[in-house]
Each structure stands twice: as structure tokens, then as C-alpha cells.
1. If you project the alpha carbons of the stretch 117-171 onto their three principal axes, what span does each projection cover, largest first, in Å?
2. May I ask you to give the percent of accessible area on the stretch 167-242 that is carbon plus sulfur, with a probe radius of 1.4 Å?
3. Rank by packing, highest mean first: peptides 227-235, 188-196, with packing defined as the count of other Cβ atoms within 10 Å averaged across residues.
4. State the answer as a single residue: which of Leu153, Thr217, Pro181 lies farthest towards the positive end of the charge dipole of the stretch 137-256, with beta carbon charges of +1 for Lys and Arg and -1 for Asp and Glu, about the Cα centre.
5. Hey, what's the Kirkwood Rh for the stretch 167-242 if you take every pair of different alpha carbons, in angstrom?
6. How much accessible area per residue does the stretch 198-241 have, in Å², with a 1.4 Å probe?
7. So if we plug the beta-carbon distance of Asp250 and Thr120 into 1/(1 + (r/R0)^6) with R0 = 41 Å, what FRET efficiency do we get, rounded to 0.05?
Amino acid sequence: MTEIPEHLLKRAAAARDKAKAEPAEEPAAEAAAPAGDSRIPEHLLKRSQAAKAKSDDAPAEGGGAVAVAEKVGAVVAAGPAGGGVPIGAGPGGHTQRLLTVVKSGTIQDVKATPVDKVHTWPHLLAAEFVAALAMTAFTFIFSIFVHAPLLELANTNQTPNPSKAPWYFLGLQELLVYFHPMIAGVTLPGVGMIALILTPYLDRNPSNKPEDRKFATSIMTVHIMFWAVLVIIGSFFRGPGFNFVLPWVDGLFFEL
């Protein structure tokens, strides 16, 4: 069962109190409308006049009460034994009454603000699938014309100098120059990963605009720049013995 809003209950109670306070009798001249009233359709006026003429010719039994309104939801008013307009009837003898007008906003939840969201399937996944196919085709065509730079077979009796890790691990190798292996290999990377994991829980801003997400953007920028600087130093500014060198003076000691 639908719950009736509180303001409608108060309005109905006020209407009942007002109806009790006002006198019940109304002049019949005010209740009857002229035949030429444009607010009431002509066929309804003719139907009402025919019903009143029929009630005058054949009075109803049991006190002469005549039911005027027969439609579902209409308020039925009893007329006098001698016929005429029933007490409380409207223009033309009609007893249908408009109780109240309920605005749609009081019950229905109207969402006028558009939501800038789309479904993951097929909008997002279709675009990602097309992008993956394009990148795979580009890599395949690129590998046909450009050969991968492969080194000679590894010699277990000779260690290259400098011995560098792949470029994506050079940040860790650069940290080993400044800190203890426990701090460089476990503590600092762990703190960085935990900070990135906790960022969505610390920054609860629902906006997806970069200018509104200054905290998250700052954290990610600091993380990327910190790691990028370490990789660049390890790649281009480390020479034999992993010592600091200037690439434009001593040369470049880095191979992909």
C-alpha cells in the first residue's frame, strides 16, 4: 500500500474542518448552471435533464432518494423526494468532485540531472578490443621492418662492465647505490605501492575531471616522476663500475 504524504493528510483534514464550519445549505440557483454554460458539454447537460425528468415522473421508493452519479469514483448525493438538484451537487446536478491535485514531484523521484555514465559492455570493452587489435597489428608490422637488437651469447667467464639490469628495473638498481638493500628493495617500493592503493580511499571525490582531482593527480605525478628520474640516471649517467658519468663526455653505457 502506498503511503500518503504528510502534507496531503494535513490538507484533507483542513478541508474537512472547513466543510463542517460552513453552513450546509446552498441556494439552488447557485448550484444550477445555465444551459449555455461553455464549461459543461452539451451532451452531459441533456443527460442530466433527462435523468431529472425521469425522477419527477417516477419517484423512488423508500423516502424518494435518487442516486445521480453512477460512475466509479463519483460522490453519490441523495436528492429530495420531490426531485430537483441533490444537496451538494455541482452545476447541472453533477456530483463528481475533484478532491485534490497531486504534483508528480511529491511522490515520484524525478531525476532531471543527466548522468555522465555508460555501460562497460559494449561501450568500453568494444573500444579496448579495437585498440588492442590496432596495437597488435602495429607491433607485427613494425617487427617486419625493424629487427630487435640482440647481443652475443652470454659468456660465463666474463662479466660485462657496467652490468645493468633491464631499464624497467634500473630504478631499483639506482636505489641500491644510496640505501641498504632492505630499504631500497622492500621498504621504499612497499611504501609507494601502499600509498597508491590507499589513494582512492583517501580521495573520495566522485568527479572524473583532472582539475577536480588535484590530490590523486599529485600523488601519481610524484610517483611517476620519482621513478622516471631514477631510471634515467641509471640508464644514461652510470658508466663502468656503475659510477656516475656524463654521457656527452664519457659516452653512453646503455643497451636495450
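1. Largest to smallest, the principal-axis extents are 59, 30, 14 Å.
2. Ligands and nucleic acids excluded, carbon and sulfur give 77 percent.
3. Highest mean packing first, the order is 227-235, 188-196.
4. Thr217
5. Evaluated on the stretch 167-242, it is 14.0 Å.
6. I get 71 Å² per residue for the stretch 198-241.
7. 0.20
The values are calculated or read from the model by the stated rules, or taken from the named source; none is laboratory data. Not measured: the values here are computed from a predicted model. As a convention, Cβ positions derive from the backbone with ideal geometry for all residues, glycine included, and neighbour counts pool all protein chains shown. Calculation scope for accessible area: heavy atoms of the full protein, side chains included, ligands and nucleic acids excluded. Shrake-Rupley method; radii C 1.70, N 1.55, O 1.52, S 1.80 Å.
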